[in-house]
Amino acid sequence: MIRLCKNIKTIKPCVNSINNRVTSHGLKVSSSSSSSSSSLFNNNNNNNLDKRSFISSPQTNTTLKPNQTYVFDNQDIFKDIKRGKDRNKLNLKIGDEIHGFKVIKIREVPERQFKTYQFEHIETGAKYLHIDCEDTNNVFSVTFKTIPKDSTGVAHILEHTTLCGSKKYPVRDPFFNMLKRSLNTYMNAWTAPDHTSYPFGTQDPKDYYNLLSVYLDATFFPNLSEQDFRQEGHRLEFEQMENPQSPLKFKGIVFNEMKGALSDPSSFYAEISQQHLYPGTTYSHNSGGEPNDIPSLTYQQLKDFHSNHYHPSNSYFFSYGDLNPINHLKFINDNSLSKFKNNSNNINTTVNKVKRWSESKRIYLKCPPSAMDVNPEKKFKFSISILHKENKDLFESLSLHMLSNLLLRGSNTPMYQALLESGLVLDYSPNTGFDDGLLESSFSVGGIGIKKEDLEKVEKVIIETLEKSSRDGFASDVIESILHQYEFAQKDVSASFGLKLVGSLSSNWIHGGDPVDPLFLNEAIAKLRKELEKGGFFETKIKELLNNPHRLYITMENDENLQKEEQEKELQKLERIKSELTPEQTKEIIEVAKDLQFRQNQIQDVSVLPKINICDIEKQQSKIDHIDTKLSMTNGDGVPLRILDLPTNGISYFRSTIDISSMDPKLKPYVPIFCSLIDEMGAAEFDHKQLDTEINLHIGKFSVSPLITMGHSDLDYTQERIYIKGAALNNNLLKMFSLLQKILLENKWNNPDLLKNLLNQKQASVIEGIPSSGLSYAKILSSSKFSRAAQLSEQWSGLSQVRLINEIVSSNDINSLINKLLAINEFILDRSLMKCLITTEKENISNLENNLSNFLKPFSNKNTPIIVNSLDNANEEITNSSRLNFFPIPATVNYISKTYQAVPYTHVDSAPIQILTKVLSEFLHKEIREKGGAYGGGSSVDSGVISFYSYRDPNLIKTLDAFDQSIQWSLNNKITLENIENAQLSIFSDFDSPESPSNKGVGEWMRDITNEMKQTRRNNLLSITKPKLEEIATKYLFNNQNNYTTVLGSKDNQELNKFTWNNINV
């Protein structure tokens, strides 16, 4: 899966970004964790990612019988382990030899309270880094330097097939099964342009070694069967499997995954930019695979690639946390490395440096169109990319990341003003920014949504802006604002820091750098401050970029016919292949397909895999202590306040919700626009540029967003609110609340030109992101008829919001919008609608309360009633066609969602429904991914709605049939105790996943969920029976006609003709 999260316009980018060139196995990412292969210098500090999916690799039958619950027979070794701050300290010194490894380097990292140990395996040369710390969320990964020499996707397909069974675990899919047999906080695998990583995280020591055993065997001793290669990579198959007269098709999970990924114009642009900037190197190929090239990869080439790259001498082990690494070393040596000899002389994974150009180059290409052609005259993308230096100087990386921020991020930067604020471009190009994720770094800047006649002007403006900045430099307060963000990020405690390090340290390490160097950010910042005192530092850096002749100019034009032409070429290729088939080859294609299907249908015995027992799940719900009080105001009223005393490392976190249930309904559709723009308009004495700097200078995190919460005991009880979050270093609290006051009380909404410009940017960004968010839009729309909360969610976050933005932009009635935004702003300045939460350390509570009290004083107290709104149009007639919604997007795959009504959180059926959806996902994984070739599919329950879903799916009818078949399967005596236990483990790995101090207790506060409710739910989840699940399936799913289906996909899909669809127009 290509994952994009690169917001250049703000200094607060997403930490969950895996690099925009990374293809991921797409497994479980917990709500508090994700991994990032972006640099630590990227200053990423937003960790609100919650993506879970059930997509892994195929499975094979086994006759092995041992019921291997744990990889260690003697569980006494896990008794009385000291954890966290009480862990036993390591007594190692440089030169020590332990379990086949030698200690190479030991370094303290005081700013993180880490102690790092670097080892090298004596026989094979394998590298190992351990970070010893008190974090109980222990992380492991093994990374291989993988250097593809073409775009067949060999590294990516190998990543998939290694996880399809191994020597010790010869089941069809140990990886997917371990998701259900462990309490992992994270499991994944990803393919980057020059390396492949296999990380996991868990808090349980037994689970750690269970997962470690599976991961080691999968990577070093995979089966790599030809059937798995065909399923995961590519194969030829007749549309009707045994009918050679039916059309011939390319199938394969990675093949369809990359079709979906490259249908996204942003992913396509970023990939093309990289390939052309790094000619003659591995980066000039698509490591994920080009759909046109994937079918040329042979099974032998796959095996050879594993042999040449997955050797210990080409491996990089990483562990992090409070568990003793000496045990890790022994386990790794005994189970993997001791079985190898040094083979470094036979492995060449050198990445060549780019042969530098003496003059710039230009390319002109066509790209997939955006999801909507709302600006037909602005269909061009353009960027300038400059190849910089080899990534060995960490100070240089920090300097260029800083420079990128100074030039690009936020409204008070020269490039933003010259390109976006001027209206020349609608948004930055996907490759914009400094990238140090490869052997050699690059700097790019460009835009999307450009008129053809403005292309030359955009190019000229970019160069002139760089030249001007090289002369004028940057204001000191702007520089300090960015440095402050680094300082804040260093202190902000994350529950997933170890996982982020997996990606961020690898890109430097595999090319010979010291992986510990990037952790010393404070040293690099101190050095930077000294350089800044000398003057002219950043000006010199810009001149280096301007004087660099290795410069690539890319012009790309949206072409609505491109995908159709590619499809026609593929069909012609398949017709040619079919016409040349001999009878023997035709028979072979049929037999291979039948053999694969037979294998997929086999019931496998997975008892050979290790498993955490249900008894290992904590029965007692952990409790987060808090104090509920009222913040007294001068006129006698009070604002509800919850106080959380937690170790926040010198940071205070503030949250407030403002109830808007009684707001004029005509204003509510505009709430998301209000929230997204409230900090971009300027406030009080600050214009929008100054405000951007002030926020970054004094506030670590700030956001305003719409918030919908459904009643924990009543689906008809919906809270409609605006949610404000702020966080600052304790010494900046006064300034933070002063700025929040100005933003809320003195906002400068009456600026039509600025507002129009921001709306154009928002429209472009939303439309560009529709293909990559296809499943989200499908789920939201298909859920919207069941409750007021779901309906409002669609209005605020779905295609209805896209439609509203389009209407506002096209009508150009900015004054009417300003009046609505002013009315919303006026409504929320009422503390009778507020409740607040603060999280800080005990000694700072009084200070934070006083600052909060002063912040709230200017707000009025109108005693505005808080009401519960009903579902709009609840009595409207529902027709069959209105239950089937279709929205066309330029993609060759589908995003499908089918939904049913569920129950609220505390309902007695809520827990068994959650278990049932996990059980059904096991069936759907096999049908939709393994057999159907989709990238993923399954079922879930959230906010009172049961969802069946698939994404990057080449099928439509087969998938809809699979949804129905899963329900029937659950009623045919197919559910086993193992299915139930797997579901329980999967749920509790999420339920008990680690949370950062800043996030603890927040969800419970938002939804008024008590510890007693959580304990009751825990008890219910642990007491599920098979008859109960069958009862639930009958009650809520079987023959239930009250369901809704939404599909996002190609309008040319012939399968659409078999239904009558309600076509969605936005």
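Quick rundown of the values:
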| read-out | value |
| --- | --- |
| Residue match in segment 276-293 (condition: on the phi > 0 side of the Ramachandran plot, in contact (Cβ under 8 Å) with a residue 24 or more places away in the chain and surrounded by fewer than 21 Cβ atoms within 10 Å (Cβ to Cβ)) | yes |
| From the options LYS564, LYS630, LYS578, LYS587, residue that is in contact with an Asp or Glu (Cβ under 8 Å, 6 or more places away or on another chain) and not in a loop (DSSP other than H, G, I, E, B) | LYS564 |
| Members of segment 821-830 that are surrounded by 15 or more Cβ atoms within 10 Å (Cβ to Cβ) and under 15 Å from ASN751 (Cβ atoms) | LEU821, ASN825 |
| Pairs where the first residue, in segment 477-495, is over 13 Å from HIS401 (Cβ atoms) and not assigned by TED's automatic domain parsing to the domain that holds LEU691 and the second is among the polar types (S, T, N, Q) and part of a helix (DSSP H, G or I), C-beta under 7 Å, 6+ apart | ASP477/THR693; VAL478/THR693; SER481/THR693; SER481/ASN696; HIS484/ASN696; GLN490/ASN522 |
| Close pairs from segment 1035-1062: first buried (at least 19 other Cβ atoms within 10 Å of the Cβ), partner assigned to a helix (DSSP H, G or I) and of a type in the set (Val, Ile, Thr), Cβ under 8 Å, at least 6 apart | TYR1036/ILE913; LEU1037/ILE967 |
| Residues located in segment 835-846, provided they are assigned to a helix (DSSP H, G or I) and closer than 19 Å to THR634 by Cβ | SER846 |
| Matching option when the condition is over 17 Å from PHE318 (Cα atoms) and among the aromatic types (Phe, Trp, Tyr), among PHE176, PHE200 | PHE176 |
| Matching residues in segment 294-322 - criterion: being in contact (Cβ under 8 Å) with a residue 24 or more places away in the chain, within 19 Å of SER336 (Cα to Cα) and either buried (at least 24 other Cβ atoms within 10 Å of the Cβ) or of a type in the set (Ser, Thr, Tyr) (or both) | TYR310, PRO312, SER313, ASN314, SER315, TYR316, PHE317, SER319 |
| Inter-residue pairs, beta-carbon under 7 Å, first in the same structural domain as ARG1007 (by TED's automatic domain parsing) and in segment 711-736, second polar (S, T, N, Q) and surrounded by fewer than 17 Cβ atoms within 10 Å (Cβ to Cβ), 6+ apart | none |
| Every residue from segment 313-346 that is part of a loop (DSSP other than H, G, I, E, B), within 24 Å of ALA155 (Cβ to Cβ) and within 33 Å of the chain's Cα centre (by Cα) | SER336 |
| Tally of residues being touching a strand residue (DSSP E or B) at 6+ places or on another chain (Cβ under 8 Å) and not in a helix (DSSP H, G or I) across segment 515-540 | 3 |
| So THR465, is it surrounded by 15 or more Cβ atoms within 10 Å (Cβ to Cβ) and closer than 14 Å to SER385 by Cβ | no |
| Condition met for THR917 (in a helix (DSSP H, G or I) and either farther than 18 Å from ARG788 by Cα or under 24 Å from the mean Cα position of the chain (by Cα) (or both)) | yes |
| Given (1) within 24 Å of the chain's Cα centre (by Cα); (2) modelled with pLDDT of 95 or more, index of the condition SER496 fails | (2) |
| Where a residue in segment 550-577 is modelled with pLDDT under 90 and its partner, wherever it lies, is in a helix (DSSP H, G or I), with Cβ under 8 Å and at least six apart | GLN563/SER263 |
| Wholly within segment 194-312, strands (runs of 3 or more DSSP E) carrying at least 2 residues that are outside the structural domain of HIS121 (by TED's automatic domain parsing) and not hydroxyl-bearing (Ser, Thr, Tyr) | none |
| Residues of segment 613-637 satisfying the condition of being modelled with pLDDT of 90 or more, over 30 Å from ASP990 (Cβ atoms) and either surrounded by fewer than 16 Cβ atoms within 10 Å (Cβ to Cβ) or acidic (Asp, Glu) (or both) | THR629, LYS630 |
| Qualifying residue in segment 658-677 (condition: closer than 30 Å to SER213 by Cα and either without any contact (Cβ under 8 Å) to a residue 60 or more places away in the chain or surrounded by fewer than 19 Cβ atoms within 10 Å (Cβ to Cβ) (or both)) | no |
| Residues located in segment 789-834, provided they are touching a Ser or Thr at 6+ places or on another chain (Cβ under 9 Å) and outside any helix (DSSP H, G or I) | GLY798, LEU829, ASP830, MET834 |
| Residue tally, condition in contact with a strand residue (DSSP E or B) (Cβ under 7 Å, 6 or more places away or on another chain), part of a helix (DSSP H, G or I) and surrounded by 22 or more Cβ atoms within 10 Å (Cβ to Cβ), over segment 490-502 | 4 |
| Search result, residues across segment 1000-1050 that are closer than 29 Å to PHE886 by Cα, over 28 Å from the mean Cα position of the chain (by Cα) and part of a loop (DSSP other than H, G, I, E, B) | LEU1037, PHE1038, ASN1039, ASN1040, GLN1041, ASN1042 |
| Sole residue being β-branched (Val, Ile, Thr), over 30 Å from MET1013 (Cα atoms) and crowded, with 23+ Cβ neighbours inside 10 Å, chosen from ILE695, ILE724 | ILE695 |
| Output for segment 439-453, where each listed residue is closer than 25 Å to LYS762 by Cα and either free of Cβ contacts under 8 Å to residues at least 60 places away in the same chain or crowded, with 19+ Cβ neighbours inside 10 Å (or both) | PHE443, SER444, VAL445, GLY446, GLY447, ILE448, GLY449, ILE450, GLU453 |
| Meets criteria (within 30 Å of HIS550 (Cβ to Cβ), among the hydrophobic types (A, V, I, L, M, F, W, C), in contact (Cβ under 8 Å) with a residue 24 or more places away in the chain and crowded, with 23+ Cβ neighbours inside 10 Å) for MET178 | no |
| Residue among SER970, SER950 that alone is over 30 Å from MET1013 (Cβ atoms), among the polar types (S, T, N, Q), crowded, with 21+ Cβ neighbours inside 10 Å and modelled with pLDDT of 95 or more | SER950 |
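The rows are residues; the columns are (1) assigned to a helix (DSSP H, G or I); (2) at pLDDT 95 or above; (3) not assigned by TED's automatic domain parsing to the domain that holds GLU271.
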{"site": "LEU387", "(1), (2), (3)": "no, yes, yes"}
{"site": "LEU403", "(1), (2), (3)": "yes, yes, yes"}
{"site": "SER411", "(1), (2), (3)": "no, no, yes"}
{"site": "SER442", "(1), (2), (3)": "no, yes, yes"}
{"site": "GLY446", "(1), (2), (3)": "no, yes, yes"}
{"site": "ASP454", "(1), (2), (3)": "yes, yes, yes"}
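So that you can scan it fast, the table gives a plain yes or no per residue for (1) closer than 26 Å to LYS89 by Cα; (2) surrounded by 24 or more Cβ atoms within 10 Å (Cβ to Cβ); (3) at pLDDT 95 or above; (4) of a type in the set (Gly, Ala, Ser):
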{"residue": "GLU108", "(1), (2), (3), (4)": "yes, no, yes, no"}
{"residue": "ARG112", "(1), (2), (3), (4)": "yes, no, no, no"}
{"residue": "ILE131", "(1), (2), (3), (4)": "yes, yes, yes, no"}
{"residue": "THR146", "(1), (2), (3), (4)": "no, yes, yes, no"}
{"residue": "THR152", "(1), (2), (3), (4)": "no, yes, yes, no"}
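The values are calculated or read from the model by the stated rules, or taken from the named source; none is laboratory data. Values in this document were obtained by computation on a predicted structure and should not be read as measured data. Counting neighbours? That spans all protein chains shown, and the Cβs are built from the backbone with ideal geometry, glycine included.
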